[in-house]
1. Sequence-distant or interchain residues sharing an amide H contact under 5 Å with Ala41, placed H: which?
2. Placing unit charges on C-beta atoms (Lys and Arg positive, Asp and Glu negative, everything else neutral), compute the dipole magnitude of the range 170-253 about its Cα centre in debye, rounded to 20.
3. Measure nothing fancy, just the Cα-based angle from helix 95-105's long axis to the longest principal axis of the chain, in degrees from 0 to 90, nearest 10.
4. Would you mind checking which residues have amide H under 5 Å from Glu118's amide H? H placed 1.01 Å from N; only 5 or more apart, or other chain.
5. Please compute the modelled spin-label separation between Gln47 and Cys203, points set 7 Å along Cα→Cβ, answer in nm with one decimal.
6. Starting from the Cα of Lys104, draw a straight line to each of the lysines and keep only those under 25 Å, dropping any in the same chain fewer than 8 residues away.
7. How long is the gain from Ala229 to Asn37 if the chain were fully straight, where each residue apart is worth 0.36 nm and the alpha carbon distance is subtracted?
8. Please name which of Ile126, Val246, Tyr2 has its Cα lying farthest along the dipole of the chain towards the positive end, using unit charges on Cβ (Lys, Arg +1; Asp, Glu -1) and the Cα centre as origin.
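Every number in this text was worked out from the coordinates using simple rules, so none of it is lab data. Computed from a predicted model, the values in this text were never measured in an experiment. No Cβ is skipped: glycine too gets one built from the backbone with ideal geometry, and neighbour counts run over all protein chains shown.
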Amino acid sequence: MYTQFGLVIVGDEILSGRRTDKHLAHIAQSLSSRGLNLAWARYIGDQPAAQTALYRETMASDQIVISCGGIGATPDDHTRQSAAAAADVPLIAHPEATAIIVGKFGDAAYPNRVKMAEFPAGATLIPNPVNQIAGFSLGHHHFVPGFPDMAWPMVDWVLDSYYSHLFSEWVQIGCIVPEAKEGDLIPVMETLVKDHPGILFSCLPSYGNERQSGMHIEFTIRGQSTQAAIAYLWLETQLKGMQYTVRPIAAVTLGRTPGTTAA
């Protein structure tokens, strides 16, 4: 059953530091706003063999994968070819994608721009609302450009079109505990995650930030509303029983229904 989401971010420019990746934070939030979670993310350069090996690995698993970057027609873009090789299918001119490019550029579509319509056999299109040059889906793998202004609405379209049945209303509940130290609270945290397996839990220690001056821990619990509330109440009770001050953070609803705007 395809329920786990992964993210591949392609490009030597990211790995060299010439550009800063923005996809990870945004796509994680897009998933979170629908009550979904990003399970993993991988960065990979513009090496065809490495890309092919990565996609072959993920295509052999029950993963929903979003891949950003490398689907252009320049010699440094290899994602379309690597996806086809990983799936053991030929790269072919997609009729609808070809028609879109020819309709946009006319005779100037040939011989180069039309290459952006060459997708793995069996691929379906992901509409591009910015310049209409489509991305593509191959099974549960979805390939979009590296440009955020194009990629992000295309990813939203994929999530709302194919995976709305997975959306759920999750809540995020948390608290800040001044003067707390991780080492002193490990037994409490271990009991929390053991007794409440349906929630996601994080512990972020800090020596001081804009949310709280001085040493503190920020605890976050995410999950279905009832499960999260029960887990948080247990944690808060334990902390107060140990004489800690607990500063609750306002709960946030994460899930939403298709077609509404994410916060």
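1. Leu7
2. Computed about the Cα centre, the dipole is about 160 debye.
3. Tilt relative to the chain: about 80 degrees.
4. Those qualifying (amide H under 5 Å, at least 5 residues apart or on another chain) are His94.
5. Simple spin-label model gives 3.7 nm for this pair.
6. Qualifying lysines at Cα under 25 Å: Lys115.
7. Residue separation times 0.36 nm, minus the Cα-Cα distance, leaves 67.2 nm.
8. So the residue we want is Val246.
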